[in-house]
Amino acid sequence: MLTRHRKVPDPLSDEWPAVSQHRYSTTLPPRTWPSGGVRFRCSLARLATDLKPQEVWEAVHDGLVEAEEDLSDGDLVIVMRLFAPDSRGRNLAALIKPAVDGVQCSLLGYDGERLDAVVRRVEETARRPELARDRLQTTGPLGHQHFVYLRGDGLQWSPTDDRLVRIELEFGQDHEAGLEGWVGRG
C-alpha cells in the first residue's frame, strides 16, 4: 500500500512514519546536517553496482571529514547522500551495504591481528598504497575495531553494526559520483 504525504517529517525526528524508508530523487536540495557527530564528503572515482567497501573507505579518507565528537560508544545513526551521474540501470539497493560498511570502516582504527598481512593486501588494490598502514592504524571517531579480515587471497571489510539503530540513504543525480553524510548518536 502506498501512502502519499504532503509534508514529509524530518527523518531524524520521532514522527517518521516508516520503519524502513527508501527515497530516490534526481535532484536533492542542499542538506543541513545536525550539529555534533562526524560529517564527511568525498568523490567516488568509480561508482558501479559492484562498489566495494574499500573504495568507500579510501574515498572518505581522501575527502573531507569533520569530527566534532568521540563516538566510540553508544548507538549510532548514519545519514548519507549518494550521488551518481546516472542512476538508470543501476541496482541502487546493492550500493547500500558497501557504502555503509565503507563509511563505518573509514571512521574506525584497525584493532585486529595480522596487521602486516592486512596492510599488504590493502596496498595491492589501493589507489594510494603508501597511506594504507597509517589509515588503518589512525584512531577514528568510532574508536578501534577489528573490521577487516583476511579471506582467501583477498579481504573482507566487515565492521560490526550492532550499534547502528538507523540508516538513512538518499540517492541523487549529479555530474560527479560522490558521497556525503553525517554519523552521530542515535
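Values for this structure:
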| read-out | value |
| --- | --- |
| Cleavage-rule hits, GluC sites (Glu not before Pro), region 153-186, DSSP coil, Cβ neighbours within 10 Å at most 15 | E176 |
| Antiparallel DSSP beta bridges within region 36-185, as percent of all bridges there, nearest 5 | 70 |
| For L164, residues with placed amide H under 5 Å, excluding near neighbours | L76 |
| Calculated from backbone phi, Karplus (6.51, -1.76, 1.60) coupling profile of region 52-69 in Hz, x at Gly/Pro | 10, x, 4, 5, 5, 3, 5, 4, 5, 4, 6, x, 9, 10, 10, 9, 9, 7 |
| Formal net charge of residues neighbouring R133 (Cβ-Cβ distance under 10 Å; K, R +1; D, E -1) | -2 |
| Förster-model FRET efficiency, 30 Å R0, H146 and N91, C-beta, rounded to 0.05 | 0.55 |
| Karplus-derived 3J(HN,Hα), 6.51/-1.76/1.60, for each residue of region 155-165, Hz, glycine and proline x | 9, 10, 8, 8, x, 5, 10, 5, 8, 6, 10 |
| Per-selection metrics, region 73-173 (Cα): Rg and Dmax in Å | 14.9, 41 |
| Loop trypsin sites (Lys or Arg not before Pro), region 58-111 (other Cβ atoms within 10 Å of the site Cβ: 16 or fewer; DSSP) | R88, R90 |
| Distant-in-sequence amide H partners of T138 (H built 1.01 Å from N, under 5 Å) | Y110 |
| Long-range HN-HN contacts of E170 with modeled amide H, under 5 Å | M80, R81, L82 |
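Each reported figure results from applying straightforward, stated rules to the coordinates on display, with no laboratory input. Note that the structure is a prediction, hence the values are computed from the model and not measured. Note: ideal-geometry Cβ built from the backbone for every residue, glycine included; neighbour counts use all protein chains shown.
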